[in-house]
Every structure is written in C-alpha cells, then in structure tokens.
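Peer 1: Quick one: the structure is below, and I'll ask about it shortly.
The values are calculated or read from the model by the stated rules, or taken from the named source; none is laboratory data. Given the structure is predicted, the values throughout are model-derived calculations rather than measurements. Because the Cβ atoms are built from the backbone with ideal geometry, glycine has one as well, and the counts that use them run over all protein chains shown. These accessible areas exclude ligands, DNA and RNA; they are computed on the full protein's heavy atoms, side chains included. Shrake-Rupley method; radii C 1.70, N 1.55, O 1.52, S 1.80 Å.
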Amino acid sequence: MREKPVMVLYVEDNYDNRVLIRRVLEAEGYEMCEASTANRAFEQLEAHDPDIILMDINMPEMDGYTLTAKIKEIPKYKELPVIAVTANVMRGDKERSLKAGCDGYIQKPIDIDLLTEQIERFRRKRISN
Ligand code: MN
C-alpha cells in the first residue's frame, strides 16, 4: 500500500525560493503548497491540511515568528511541526524561533541535499513525542 505523500506548506515571500524548494520536494515525492503572505498561509492550512510547515522568518507584512505564534494559538495546529527558515545568523535567533513555537530551525540558503532529511527528522520528533 502506498503511503499518502507528505504535504509541506512553504511560507515564503521570495518567488524563486518557492520554485526551487517545490522542485526539490516534488522530485523526492513530497507535495508542496505555498503561501507568500500570512493570510494566504491560513488559507493554505485550511485547504491542504499540511503535515509540516517550512516558515520563512523575514517577510514584509508579518514575520515568521509572529505568524508561527498565531498558527500555534489555534488548537488544531498546536501539534503541527513548524521549521523556521532564516538567513539571520544573529545570536538569539534560534531561541527566538523556539519561543515563537517553532519546532526546529534551518538556515538559509537551504541545503537542498539535506532538506528532506531535516523534514523527516522534525516530523519524527513530533510523532514520537
Ligand atoms: Mn523572505
């Protein structure tokens, strides 16, 4: 029996990044839905019921920390794994993403050879909790 593909929601304001990550994930058998704004992210959550979120932190309207905190306030999304994706290398960034409710943290540029491994690690961590 074939398992249902893992659905990843990628919240990212940069179009080129979304195209790249979609190509990588789909080549690995994942499905991806995407959002470039917070409002769109909520629409995509409802429409696709993703298994995990990749969350860009630097976005113009609402940053990824704020959006993650808002998503995690909703009971049905409390357990949904959110991986923060950020180019910020400032100290405290990891702590800030965890405080906002992110379950993990990966740095930009995303290492496409490691991405699915990281997704699986964060999914398993959540499932085994
Ligand atoms: Mn961005």
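Peer 1: So, in the stretch 25-70, how many residues would count as being among the hydrophobic types (A, V, I, L, M, F, W, C) and buried (at least 19 other Cβ atoms within 10 Å of the Cβ)? Can you show your working first?
Peer 2: Kept after step one, since they are among the hydrophobic types (A, V, I, L, M, F, W, C), are these residues of the stretch 25-70: 25, 27, 32-33, 35, 38, 41-42, 45, 47, 52-55, 57, 59, 62, 67, 69.
Then drop every residue that is not buried (at least 19 other Cβ atoms within 10 Å of the Cβ), which leaves 25, 32-33, 35, 41, 45, 52-55, 57, 59, 67.
Here the count works out to 13.
Peer 1: What pairs come up if the first residue lies in the stretch 54-71 and is part of a strand (DSSP E or B) and of a type in the set (Ser, Thr, Tyr), the second is open to solvent by 10 Å² or more (accessible area, probe 1.4 Å) and within 10 Å of the ligand (Cβ to nearest atom), and their beta carbons are under 6 Å apart, counting only those six or more places apart or on different chains?
Peer 2: No pair meets every condition.
Peer 1: Conditions: (1) modelled with pLDDT of 95 or more; (2) surrounded by 15 or more Cβ atoms within 10 Å (Cβ to Cβ). Lys76 meets all but one. Number of the miss?
Peer 2: Among (1) modelled with pLDDT of 95 or more; (2) surrounded by 15 or more Cβ atoms within 10 Å (Cβ to Cβ), the lone unmet condition for Lys76 is (2).
Peer 1: Also, I was wondering about something else. Looking only at the stretch 5-46, count every residue that is more than 16 Å from the ligand (Cβ to nearest atom) and part of a strand (DSSP E or B) and tell me the total.
Peer 2: Result for the stretch 5-46: 5.
Peer 1: Between residues in the stretch 1-23 that are touching a residue at least 60 places away in the same chain (Cβ under 8 Å) and residues that are away from the ligand (no atom under 11 Å from the Cβ) and assigned to a helix (DSSP H, G or I), which pairs lie under 6 Å by C-beta distance while being six or more apart or on different chains?
Peer 2: Val8/Leu25
Peer 1: Filter the stretch 55-83 for residues that are away from the ligand (no atom under 13 Å from the Cβ) and of a type in the set (Phe, Trp, Tyr) and give the result.
Peer 2: Let us first name the residues in the stretch 55-83 that are away from the ligand (no atom under 13 Å from the Cβ), namely 66, 68-83.
Result: Tyr77, single match.
Peer 1: Can you spot a residue in the stretch 83-90 that is of a type in the set (A, V, I, L, M, F, W, C), touching a Pro at 6+ places or on another chain (Cβ under 8 Å) and open to solvent by 20 Å² or more (accessible area, probe 1.4 Å)? Please lay out each step first, then the result.
Peer 2: First, the residues of the stretch 83-90 that are of a type in the set (A, V, I, L, M, F, W, C): 83-85, 87, 89-90.
Still in the list and also touching a Pro at 6+ places or on another chain (Cβ under 8 Å): 87.
Narrowing the set further to residues that are open to solvent by 20 Å² or more (accessible area, probe 1.4 Å) leaves 87.
Yes - at least one qualifying residue is present in the stretch 83-90.
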